[in-house]
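Below is one structure, written out as structure tokens; the observations come after it.
The values are calculated or read from the model by the stated rules, or taken from the named source; none is laboratory data. Keep in mind the model is a prediction, meaning the values are calculated, not measured. Note that each Cβ is placed from the backbone with ideal geometry, even for glycine, and that neighbours are counted across all protein chains shown. Only protein heavy atoms, including side chains, enter the accessible area calculation; ligands, DNA and RNA are left aside. Shrake-Rupley method; radii C 1.70, N 1.55, O 1.52, S 1.80 Å.
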Amino acid sequence: MQLILKNIDLNTSFIRPGKNSFIYFDEVESTLDIALKSEIQKNSIGKVVITDNQKKGRGSYNKLWFSEPYKDLTFSIILGNKLKFSENFVENTCDTIVEILNEYNIIGRKKLPNDVFVGDKKIAGILLSKIFKNNHVYKQALSIGININSDFDIREKGEHYTFSNTSFIKELKKETEREKVLEKILLKIDKIIQKQANL
């Protein structure tokens, strides 16, 4: 089922508040590629590029990130260049995902530098991307992929993986409302940014 974003009304400071928070695509190669476009970075800081079907998601070192259409969360927050984000931002985001997992009675753990695992199985990945121009940060975006209702085995994707994967539905044995998880993540990330920028 397609994400229902019209009902999400965010009370945020950096992330676009209200019901104007999202740039939605039914299908896209990568939310990160869109979030790093110059025009998007200039005019849509604080918005969230999100899709129901990310065909070529990627993580650290250009590793592929797999998700199942209409079942997981794949999105990128447009950060612009006014604030300087460090890798500590990624760690804090991982901690946020772990907190939310705990709210659903899923015991997660941060796996440095940018993953969240449940036991020895990966459930989420975070990527902070920066583009530099003349030795200054020119563009920034934070991308998150988190397995919600997918039930695939990453080891069957034709790539060599040293870990398995899990999801909310694998852990809870029932479907989880993606919109609720998305809202929780964005509210918590906005608070992290507020602390950093004193917004």
Proximal lysines to K170, defined as alpha-carbon separation beneath 16 angstrom and excluding residues fewer than eight positions away on the same chain: K71, K121, K122
Quick one: which of K130/K195; K37/K111; K56/K191; K6/K84 span more than 24 angstrom between C-alpha atoms? K37/K111; K56/K191; K6/K84
Y104 versus S164: modelled label distance in nm, points set 7 Å from Cα along the beta carbon direction: 1.8 nm
Potential lengthening between F152 and K82 on full extension [0.36 nm per residue; Cα-Cα distance subtracted]: 21.3 nm
Under the 7 Å Cα-to-Cβ spin-label approximation, K180 and K37 lie apart by a distance in nanometres of 3.4 nm
Measure of exposure for V49: accessible area at 1.4 Å probe, Å² rounded to 10, is 0 Å²
Helix 87-103 sits at what angle to the longest principal axis of the chain, using alpha carbons and giving 0 to 90 degrees rounded to 10? 40 degrees
Please give the per residue accessible area of the chain, computed with a probe of 1.4 Å over protein heavy atoms only, in Å². 52 Å²
For L5, the net charge from surrounding residues (Cβ-Cβ under 11 Å; K, R +1; D, E -1) works out to -1
1/(1 + (r/R0)^6) with r = Cβ-Cβ of L5 and I131, R0 = 30 Å, i.e. FRET efficiency to nearest 0.05, evaluates to 0.65
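Normalised radius of gyration for the chain, please: alpha carbon Rg relative to 2.2 N^0.38 Å, two decimal places. If you can, show how the numbers build up before the last one.
Numbers: Rg = 15.8 Å, N = 199, 2.2 N^0.38 = 16.4 Å.
Cα Rg divided by the expected 2.2 N^0.38 Å: 0.96.
Carbon-plus-sulfur fraction of the accessible area of the chain, 1.4 Å probe, in percent? Present the calculation step by step, with values, prior to reporting the outcome.
Values: 4810 of 10330 Å².
Taking all protein chains in place, the chain shows 47 percent carbon and sulfur surface.
Apply the a/c threshold of 1.5 to the C-alpha gyration tensor of the range 7-50 and tell me whether it is rounded, prolate or oblate. Please list the in-between numbers first.
On the way: a/c = 2.91, a/b = 1.40, b/c = 2.08.
Note, shape of the range 7-50 comes out oblate.
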Once every DSSP H run of n ≥ 4 in the chain is given -39500 (n - 2.57) and the sum is divided by its residues, what mean residue ellipticity at 222 nm do you get, rounded to the nearest 500 deg cm²/dmol? -8000 deg cm²/dmol
Compute the long axis of helix 178-197 from its Cα atoms, compare it with the longest principal axis of the Cα atoms of the chain, and write down the angle in degrees, 0 to 90, nearest 10. 40 degrees
For the range 92-199: span of alpha carbons on each principal axis (Å, largest first): 46, 32, 22
